[in-house]
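Here's the structure, in structure tokens; my notes come after.
Every read-out reported here was derived from the displayed coordinates using simple, explicitly stated rules and does not represent laboratory data. Just so we're clear, the structure is a prediction, and the values are computed from it rather than from any experiment. Here the Cβ positions follow ideal geometry from the backbone for every residue, glycine too, while neighbour counts run over all protein chains shown.
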Amino acid sequence: MNRRASLGLSVESRSRYTCAGLFLPASNGSALDTYALGCFWKRWRTALLVLLLVAPGPAVAQVIEPSPDPYRFIEWTGGDAKDLGRKVLSTHSLYAAAGMGGVLVLLSAQDPELTKGAVDLAQGTDAWVLRTLNEVGNVRAVRPMALLLFLGSLTSRSRRFQDAAFTSLEAILFSNLITDALKSLTGRARPFQEQGPTRFRPLSGNTSFPSGHATTVFAFTTPWLLYYGNVPTTLLFILGGGTAFTRMADNFHWFTDVLVGSAVGFTTGYWLTRRHQRESPRIMATPVVGAGQVGFSMRVTW
């Protein structure tokens, strides 16, 4: 049984659910052009929704900050890469990975039941909701979107906006490297391949463990939640759970796949955010000018 049959979906309905890439393929004058346009719009529709959630809204009074030094991002990248490598290869991390592996072996016994439950629950869920949740974690859409956010932030004077955008982008790149390495090393078969949750063949080309979508969405949203912590960023973070559910409902991942993927994305985003916040100025006083308002704004970081 193939994955379409296992979900009870036709080829046509499946085509409406997923898209192959972010950008349009070359036109060949066939019906593929219409499908490609639909995919293009679905990807960027989701991207625009996320941009509206994370972009800072207009303020009543304008905070005039000195232009932050963008060269700090070059220093952060080098230092973050070195420290991440040391932490991943440390004895503490290896012990933690061994312990997590034992827990995952026990949890994997529940994978078939939990994944089937997600598939059954998705049958009554609107297809547009599933598509949107799936695209929120799609790396082909999220990476360009995070890059555009960071480049756009450089035109602002908000250090917090710049730091959040950069940290989010960096968290995506770093966590994706970790996830891709784990995918190759474990070689776990996906649910639709019907080989069971215990089928691991390193370097076989199977890429179920861990979930890249879950990794990406939590790596992207965690820094925004920690830097801003407002309603839009909290809602965006919660959407990550919906993305993880969708990957199980689509029969592409086991429960333990999305659990570990979410943990990798969240941990990477959390670690980078706290690291960058420690390197930012502890106390910053800036003038505030607005309609009938003149004063100072003070921000304290600890």
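Within a Cβ distance under 12 Å of Phe73, other residues only, what is the Lys/Arg minus Asp/Glu net charge? Counting the neighbours of Phe73, the net charge comes to -4. Ranked by the mean number of other Cβ atoms within 10 Å per residue, highest first, peptides 264-275, 152-163, 191-202, 86-97 order as 264-275, 152-163, 191-202, 86-97. Normalising the average separation of contacting C-alpha pairs (under 8 angstrom, six or more residues apart) by the number of residues puts the relative contact order of segment 77-300 at 23 percent. Taking segment 254-271 and a reference point 7 angstrom along Cα→Cβ of Val105, the backbone N atoms nearer than 20 Å belong to 254-261. Under a model in which nothing but the beta-carbon of Lys, Arg (+1) and Asp, Glu (-1) is charged, segment 178-255 shows a dipole of about 220 debye around its Cα centre.
Counting 0.36 nm for each residue step from Tyr95 to Thr125 and taking away their Cα separation leaves a gain of 6.7 nm.
What are the aspartates and glutamates whose alpha-carbon lies under 19 Å from the alpha-carbon of Lys183, with same-chain residues fewer than 8 places away excluded? Lys183 reaches Asp111, Glu194, Asp250, Asp257. Over segment 77-300, all Cα pairs binned in 5 Å intervals from 0 give whole-percent P(r) values of 1, 7, 13, 17, 17, 15, 11, 8, 5, 3, 2, 1, 1, 0, listed from short to long. Summing Lys and Arg as +1 and Asp and Glu as -1 over all other residues whose Cβ lies under 12 Å from the Cβ of Leu104 gives a net charge of -1.
Packing here is the average count of other Cβ atoms within 10 Å per residue, and on that basis the peptides 103-114, 140-151, highest first, run 140-151, 103-114.
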